[in-house]
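Student: Structure in C-alpha cells, see below.
A short reminder: the numbers here are calculations on the coordinates, not readings from a lab. Worth saying up front: this structure is predicted, and the values here are computed from it rather than measured. Every residue, glycine among them, receives a Cβ derived from its backbone with ideal geometry; neighbour counts consider all protein chains shown.
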C-alpha cells in the first residue's frame, strides 16, 4: 500500500527515511514539528528534493481569461481588440503585449496550446470538465485533477497536505473534490485567509506538553504495534502523524518566513503572495497546489479587466517560474495555467467578451514540457481551431504524461475500470520533452 | 433655449466598427470619427447615406480614442501611444509623435487652438504644441498603481473655457487641477465612489473617472464615471456624476442614475449652465440630463449602443454621438 502513490519511476520514488536521513546528516534537528521544512530554503536541500518527486501548481484563471489578450492574439482583425502582439524569445512565436515578462521566458519554460475545443461554455459544467478532464455522468463522482495528482504523486505517510487549494474570491468558488478516491484526497481549502484554520495548538497546552503527549502516544503505539503487525494499526498511527504534521505546517503558509527579496519578486498583490505560498508548499513536498485567481469573466470592459489581471498574471507567473528554476525545482514541477474556457472573438456592446469554448488556449511550463513550443492553431479571427484540435481529456493525458504518470492507468470503481484520462484521450506529444 | 425634454434622435447610421472618438467640422454637418479598425474617417451627415472618407497615412495601430480639429490640422490619439497630425484638406498624415508609453485615453484641445493635452496609462498628462508637434510640459502626480497594487489608468482630461486650467482624473477617483501656464498643480479632489474595486467577490475593478468638464465660467468641475457595481462582470452600476466648486473643494452635487446604467463617458454643460448632459452606457447607451439647480433628472433617452464620445454644436441644439457600431445625431428643440 505504501508504494502505491508514486509516479512509478524509481528515481522519483520518495524514500522518507532517506529524506529524513539527508536532513539529519546535515545536522538539522528534525523536531517533531514541521519547522524544519524551512531549511528547504537551502538550495542544496531543495535540489535534493526535486530529484525525487514531481509536483504540480495549477494557476486557475477562474471565470475564463481571454486567449486574445494572453496566448493567441489577433491584432488588426475585427476580433483582435486594441492590444498589439509582441515577439517572444522564440522566433516566430508572438503573444499579447499584456504578457511581456512571459514573452522573454517562453524558450526557457513554457509551451502553449492554442487549440482547445471543449465546447462547454457555462461556468459550472465547464469547471467540472476542465478539472476532471471529462464530462460528468450520473452515479460516478469523478475526482478532480488535484485529487488524482495527489493520489498519484503523494506519499501515504506524508506529513504535509497532499492537495492545497487557494480561492479567495467568492465568485465561482468551488472547493474541489476527491470523488471516488475518498476523503483522504480532498483539498485543504483556503478561502478567507491563507493560513489554515483549526490547525493550531490549543493555547491551554504548552509546547512541552504537546510534544510529551505525542512522544507518549508514539511509545505506546510502538509497543502495541510491535506485537500486532497489521495494516489497520499502521494506518491508525499514520493518521496521527499526519494530523501532527498538518498542525505544524502553519509556517509553510507564512510568507514572512521568506527573505524580503523573494517577497518583492512576487510583488504586492494577493495572487503574488499565494503563488509564493504555492512555491513553499511544493518545496515542502505538497504534490498539488491550486491557486485560483478570480474573476476573469469580462462580459463588460474586457480590455480594462485584462489590463489589470494580465499584469498580475504575467508578473506572478514569471516570478514563480524564475523562483522554481533558481531552486532547481522546475524540472520536477509542472505549472499549469488554465481556466474553464476562453472568451468570444466578438466584442460586445460593453466592450466585453463572453464565454467561448470552441477555440481557446492554455499553457504548460516546467516538468516534462518541451519549452518554446506552440501546439495547435486557430483561424485568423480566432473563431475556430484549424489545426491540432484537442479536448479536455487530451489535455489531461498530456499533463499525466508530462509527470511520468501512465495516462492509460485505471482506477477500479467497484468492478468498473475508470481510466485516469478519459476514454480515447491522447497526449500532445509535440509539446512533451 | 434648448429644452432637454425636447431631445429627439433624428438620424442613426450603422457602422461595422466601434466608434471611440468624434470631432465636428465647425459650421457644417461634417464629422470626423476614430474607430476600432484603427482608422479615421470623415462623413458628411447632410447627405442621406454618408460615405466615409478615410484619412491616409501610416496611421494608428490600435483604437483611435481622441480627435481634435484645429484649423486645418487634425490631431489624433490612440491606444498605440501615438499622436498623429493630419491635414484635413488633403486628409494625409503629416507627422507622427511617440507621445506616451501606454494607451492614450483622451485628447482635448485648448480653446485658442494652439495646444492639445493628452492623458495616458503611463499616468502622465502632456501638453503639445500643435504647430510643432513638440511636447511643452508633462504633468505628473497620479499614482502608477492602485492601492491594491494593480496598474492604474489616467482616463480623463478637460480644459476650462478660458484655457487657464486643466483637470485630469484617474481610475481610483483622484482628480488633479493644473495651471496651464505654470504647469503646477493647484488643486485636487477625491471621488472614491468612482473606484469600483471589488475586494471580495471578483477582486478587480472596471470603473474610474471617465469624463471631466469645466462649467462655462470655469468655476465648477463635473466628474463622470460609474458608481458601486454589484456585478463587475458587467457595467452593472449606476451612472455617477459629481459636481464640485473645485476652488473651494466643495462637492455641490452627487448624482446617480440606475434606470440607465453604466459609465458616463462624456459631459456637456449647457451654455447657460442650467443643465448638464451626460452620455455613456453599459451595453446600451444613454443621454441623461440633470437640472443643475436641483440636481433632479430632467430627461433621459437612450440607444442600442454604448456611447463613447459626443459633441454638441455651439448652441447645444445638435448632438453628435459616436457609439458602438453606430453614429447618431440628436436634436434638442427650443422650448
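Student: What is the spin-label model distance, in nm, from residue A:254 to residue A:180 if the labels are put 7 Å beyond Cα along the C-beta direction?
Tutor: About 4.3 nm, to one decimal.
Student: Taking chain B as a Gaussian network, Cα atoms linked when under 10 Å apart, which of B:142, B:308, B:253 shows the biggest mean-square fluctuation?
Tutor: Judging by the Gaussian network model, the answer is B:253.
Student: Within the P(r) computed for the stretch B:182-335, what percentage of the Cα pairs occupies the region above 27 Å?
Tutor: Summing the P(r) of the stretch B:182-335 above 27 Å gives 22 percent of all pairs.
Student: Okay, helix-only estimate at 222 nm for the protein assembly as shown: each DSSP H run of n ≥ 4 adds -39500 (n - 2.57), divide by all residues, round to 500 deg cm²/dmol; what do you get?
Tutor: Details: 12 runs with 140 residues, N = 768.
That comes out to -5500 deg cm²/dmol.
Student: Sticking with this one: With Kirkwood's inverse mean 1/r over C-alpha pairs for Rh, give me the Rg to Rh ratio of the stretch B:2-334, two decimals please. Numbers along the way, then the final one.
Tutor: Values: Rg = 18.4 Å, Rh = 19.6 Å.
In the stretch B:2-334, Rg relative to Rh is 0.93.
Student: Suppose we keep just the alpha-carbon trace of the stretch B:125-222; what are its Rg and Dmax in angstrom?
Tutor: Cα radius of gyration and Dmax of the stretch B:125-222 are 14.7, 50 Å respectively.
Student: Say each of residue B:145 and residue B:49 gets a label point 7 Å from the Cα, pointing the same way as Cα to Cβ; how far apart are those two points in nm?
Tutor: The two pseudo-label positions are separated by 5.5 nm.
Student: Over the stretch A:361-433, calculate the relative contact order: mean separation of alpha carbon pairs under 8 Å at least 6 apart, over the residue count, as a percent.
Tutor: About 37 percent, as a whole number.
Student: Based on alpha-carbon atoms only, what is the radius of gyration of the protein assembly as shown relative to the globular estimate 2.2 N^0.38 Å?
Tutor: Normalised Cα radius of gyration, the protein assembly as shown: 1.09.
Student: If R₀ is 51 angstrom, what is the calculated FRET efficiency for the pair residue A:170 and residue A:331, using the beta carbon separation as r and rounding to 0.05?
Tutor: Numbers: r = 36 Å, r/R0 = 0.71.
Result of the calculation: an efficiency of 0.90.
Student: What's the center-to-center distance, using Cα atoms, between the stretch A:61-136 and the stretch B:68-126 in Å?
Tutor: Centre-to-centre distance over Cα atoms comes out at 33 Å.
Student: Assuming R0 = 45 Å, what is the FRET efficiency of residue A:225 and residue A:122, from their Cβ-Cβ distance, to the nearest 0.05?
Tutor: My answer for the efficiency is 0.30.
Student: With r as the distance between the Cβ atoms of residue A:433 and residue B:90 and R0 = 56 Å, compute the FRET efficiency 1/(1 + (r/R0)^6) and round to 0.05.
Tutor: Details: r = 58 Å, r/R0 = 1.03.
The value I calculate is 0.45.
Student: Got the relative contact order for the stretch B:2-334 handy, in percent, Cα pairs under 8 Å and 6 or more residues apart?
Tutor: In percent, rounded to a whole number, it is 14.
Student: Based on alpha-carbon positions alone, could you give the equivalent ellipsoid semi-axes of the stretch B:68-147 from the gyration tensor, as √(5λ), descending, whole Å?
Tutor: 23, 13, 9
Student: A follow-up question, please. Work out how much length residue A:107 to residue A:195 would gain on full extension: take 0.36 nm times their residue separation and subtract the Cα-Cα distance, in nm to one decimal.
Tutor: Result for the pair: 28.2 nm of gain on full extension.
Student: Okay, moving on. Report Rg (one decimal) and Dmax (nearest whole number) for the stretch B:278-324, counting Cα atoms only, units Å.
Tutor: According to the Cα coordinates of the stretch B:278-324, Rg and Dmax are 11.3, 32 Å.
Student: Also, quick follow-up: In the Gaussian network model of chain B, springs joining C-alpha atoms below 10 Å, which of B:116, B:47, B:226 carries the largest mean-square fluctuation?
Tutor: Residue with maximal mean-square fluctuation among B:116, B:47, B:226: B:47.
Student: For the stretch B:1-147, what Kirkwood radius comes out of the mean inverse Cα-Cα distance, in Å?
Tutor: Result for the stretch B:1-147 stands at 16.2 Å.
Student: Say each of residue A:389 and residue B:314 gets a label point 7 Å from the Cα, pointing the same way as Cα to Cβ; how far apart are those two points in nm?
Tutor: Calculated label separation equals 6.2 nm.
Student: Let me ask another. Compute a Gaussian network model of chain B, connecting alpha carbons closer than 10 Å, and tell me which residue from B:135, B:120, B:78 fluctuates the most.
Tutor: Of B:135, B:120, B:78, the Gaussian network model singles out B:135 as fluctuating most.
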